Amino acid sequence: MFDNLIARAIVPVTIAVTGFVIFGCLLLYSFIKSDMTAEAVRHVDDLVVTVYKSTHYAMMEDDRDSLRNILANVDTLDGVERVRIYDPQGTPKFSDFEQEPVGKTFAPEVDRWSTSLMKDGHPERESTQYKVDHDNGFIAVTMPILNEPQCSTAACHFHADSKPVLGFLSIGLSSANLEKTLALLRSRMIAFSVMVLFLTVGGVTALLRVNLFLPILRLTYNVEQAATGTAEADLPESDHKLGKLNRDFRTLVRQRDQAWQDLKALEPAGRESDDRPDESRTGGAPAGHQSVAETGSGQDQEA
Amino acid sequence: MRKQVQAKIKRLELRSSSGLWLLALFTLLSMAAFRDFAILPSLSEEVHAFLGKGPNPYMINWALVVYAFSALIMVLTQMAGNKKPASGLPHFAYLGGFYGFYHLTYSLEENFWAVFVVGLTILGLQSYHIWNYYHEQIQEQKEILAELDKLVD
């Protein structure tokens, strides 16, 4: 199969184009996915900061009802499945307990991840942490509520000055929209890659066939005909895509025909019938006397 | 003389299949990478500390793009010039390096398929070139062998 000229020319092109297009799409998808995920995380981060600032006054005033109301309202937002405020030990203090999500939910995953960050001695305990879980379809943020000077001096409730973290705010949002957009992007990229592959490989094949393989096939056919004794005048007309090669071949055949004619003119008339040197070499066909009609046109042959 | 030609044909046949061996080796490496090199013992904290912080996966991605593009151009240039094919071992080493870097930066899962496709493409083209090149040489030697047989007869 690979001895075939067409296969030899097209296989490397197909491998290189297919491989590079698939690789390019994979990498492009990976870049776009991380950019979109970063944007979604920024959006969630903004929401967490908004919630934090909204609850700040209620926490300073130790207004538990307001705090509960704020969290309940945030919980009604589209996509929010978990809003909790934990104490420094990781015990939930204010939460969406009353509206515990039903059915398939990622809330337990968010809780597990959040509480693991709240353990004493965790290196990232005092900084905001993000988790994007494409498999379970959520984006979660855990933000430490840091001890401010107003907290340790507040009259309503007291926090020791030495405690850097007073609690944690944890929010888990569904990433269903992000996953949907990524899935759409994936299917579009697959369709685009298939189109590019077909067009590139098909285009290269068609161009090679028209400009190279067909002229070579015609020349090969003409060479075969000439080898069996067909005269130059009887050979099928060639296109001019192979240029000098084709012209030189026809010149050679013409010279051979001329040589035969000269040889015939030199031979005595009596020996002409039983002494024809070219017949034995050309498989018995009389040189220069085979018409195209007998041999076919060669247009429909393949390499 | 005849035996020398036959021995040369055998040598060329062995060389012509070297690309396929490399592809098989890369497939094995990729299988290990697919499992995040779970068959290998994990590196200790000291080794991690010694190696330092790995490069950003973005940088590795760009390095992979540059490498893939250059390697494909190189292999295609070799093929176009019908030059003697270089060994595919450096490519195998580079691809192994990319798997290693992604593994150390904990981003192998996301980028496994990109490295795998690049590897298959580059090594596939390389082994096709190796096979093609040595196959032509084998044909030449077989023609010589046929001529020698004619002389003997």
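The values are calculated or read from the model by the stated rules, or taken from the named source; none is laboratory data. Treat the numbers as computed from the prediction; the structure is a model and nothing was measured. Every residue, glycine as well, gets a Cβ built from its backbone with ideal geometry; the counts of neighbours run over all protein chains shown.
Residue-wise test of (1) outside any loop (DSSP other than H, G, I, E, B); (2) surrounded by 15 or more Cβ atoms within 10 Å (Cβ to Cβ).
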| residue | (1), (2) |
| --- | --- |
| B:P41 | no, no |
| B:E46 | yes, no |
| B:G119 | yes, yes |
| B:I130 | yes, yes |
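In the range A:49-65, what count of residues is obtained for those that are in a helix (DSSP H, G or I) and more than 19 Å from A:S170 (Cα to Cα)? Give the steps one after another, and end with the answer.
Applying the first criterion (in a helix (DSSP H, G or I)) to the range A:49-65 yields A:49-60, A:64-65.
Remaining after also requiring more than 19 Å from A:S170 (Cα to Cα): none.
Final tally of qualifying residues: 0.
So, of the residues in the range B:112-132 that are within 11 Å of the chain's Cα centre (by Cα) and among the hydrophobic types (A, V, I, L, M, F, W, C), which turns out to be farthest from the other protein chains (Cβ to nearest Cβ)?
Top of the filtered list is B:I130.
If you check A:Y57, A:Y52, which single one turns out to be in contact with a strand residue (DSSP E or B) (Cβ under 8 Å, 6 or more places away or on another chain), of a type in the set (F, W, Y) and at negative phi?
That would be A:Y52, the only listed residue that is in contact with a strand residue (DSSP E or B) (Cβ under 8 Å, 6 or more places away or on another chain), of a type in the set (F, W, Y) and at negative phi.
Take B:H135 and tell me if it is within 12 Å of chain A (Cβ to nearest Cβ), over 30 Å from A:S30 (Cα atoms) and buried (at least 20 other Cβ atoms within 10 Å of the Cβ). Can you show your working first?
On the way: within 12 Å of chain A (Cβ to nearest Cβ): yes; over 30 Å from A:S30 (Cα atoms): yes; buried (at least 20 other Cβ atoms within 10 Å of the Cβ): no.
So B:H135 does not fit the description; no.
Considering only the range A:26-45, I want to know if a residue exists there that is under 30 Å from A:R209 (Cα atoms), more than 7 Å from every other protein chain (Cβ to nearest Cβ) and within 23 Å of the chain's Cα centre (by Cα).
Checked the range A:26-45: no residue is under 30 Å from A:R209 (Cα atoms), more than 7 Å from every other protein chain (Cβ to nearest Cβ) and within 23 Å of the chain's Cα centre (by Cα).
Specify the residue that is nearest to the chain's Cα centre (by Cα); the eligible residues are those in the range A:53-77 that are in contact (Cβ under 8 Å) with a residue 60 or more places away in the chain and crowded, with 17+ Cβ neighbours inside 10 Å.
Among residues in the range A:53-77 that are in contact (Cβ under 8 Å) with a residue 60 or more places away in the chain and crowded, with 17+ Cβ neighbours inside 10 Å, the one nearest to the chain's Cα centre (by Cα) is A:V74.
Residue under question is B:L12, and the condition is that it be in contact with a helix residue (DSSP H, G or I) (Cβ under 6 Å, 6 or more places away or on another chain) and under 23 Å from A:S30 (Cβ atoms); does it hold?
On the way: in contact with a helix residue (DSSP H, G or I) (Cβ under 6 Å, 6 or more places away or on another chain): yes; under 23 Å from A:S30 (Cβ atoms): no.
Answer is no for this residue.
Looking only at the range A:8-25, which residues are of a type in the set (K, R) and more than 8 Å from chain B (Cβ to nearest Cβ)?
none
Quick check on the range B:36-71: of everything there that is over 22 Å from the mean Cα position of the chain (by Cα) and aromatic (F, W, Y), which residue is farthest from the other protein chains (Cβ to nearest Cβ)? Explain how you work it out, then say what you get.
Step one: of the range B:36-71, the residues over 22 Å from the mean Cα position of the chain (by Cα) are B:38-59.
Right, trim to aromatic (F, W, Y) and you get B:50, B:58.
Values: B:F50: 20, B:Y58: 8 Å.
Here the residue is B:F50.
Would a scan of the range B:81-92 turn up a residue that is touching a His at 6+ places or on another chain (Cβ under 6 Å) and closer than 20 Å to A:T14 by Cα?
Looking through the range B:81-92, at least one residue is touching a His at 6+ places or on another chain (Cβ under 6 Å) and closer than 20 Å to A:T14 by Cα.
Which count do you get for residues in the range A:1-48 that are over 21 Å from B:S107 (Cβ atoms), in contact (Cβ under 8 Å) with a residue 40 or more places away in the chain and in a helix (DSSP H, G or I)?
Total satisfying the criteria: 13.
Which one is modelled with the lowest pLDDT among residues in the range B:72-111 that are facing chain A (nearest Cβ under 10 Å) and surrounded by fewer than 20 Cβ atoms within 10 Å (Cβ to Cβ)? Break it down into steps so the answer makes sense when it comes.
Going residue by residue through the range B:72-111, those that are facing chain A (nearest Cβ under 10 Å) are B:72-73, B:75-76, B:79-80, B:107, B:110-111.
Add one more test, that the residue is surrounded by fewer than 20 Cβ atoms within 10 Å (Cβ to Cβ), and what stays is B:73, B:76, B:79-80, B:107, B:110.
On the way: B:I73: 90, B:L76: 87, B:M79: 85, B:A80: 82, B:S107: 88, B:E110: 86.
That would be B:A80.
What pairs come out if I take residues in the range A:183-197 that are free of Cβ contacts under 8 Å to residues at least 12 places away in the same chain and pair them with residues that are assigned to a helix (DSSP H, G or I) whose C-beta lies under 7 Å away, six or more apart or interchain?
none
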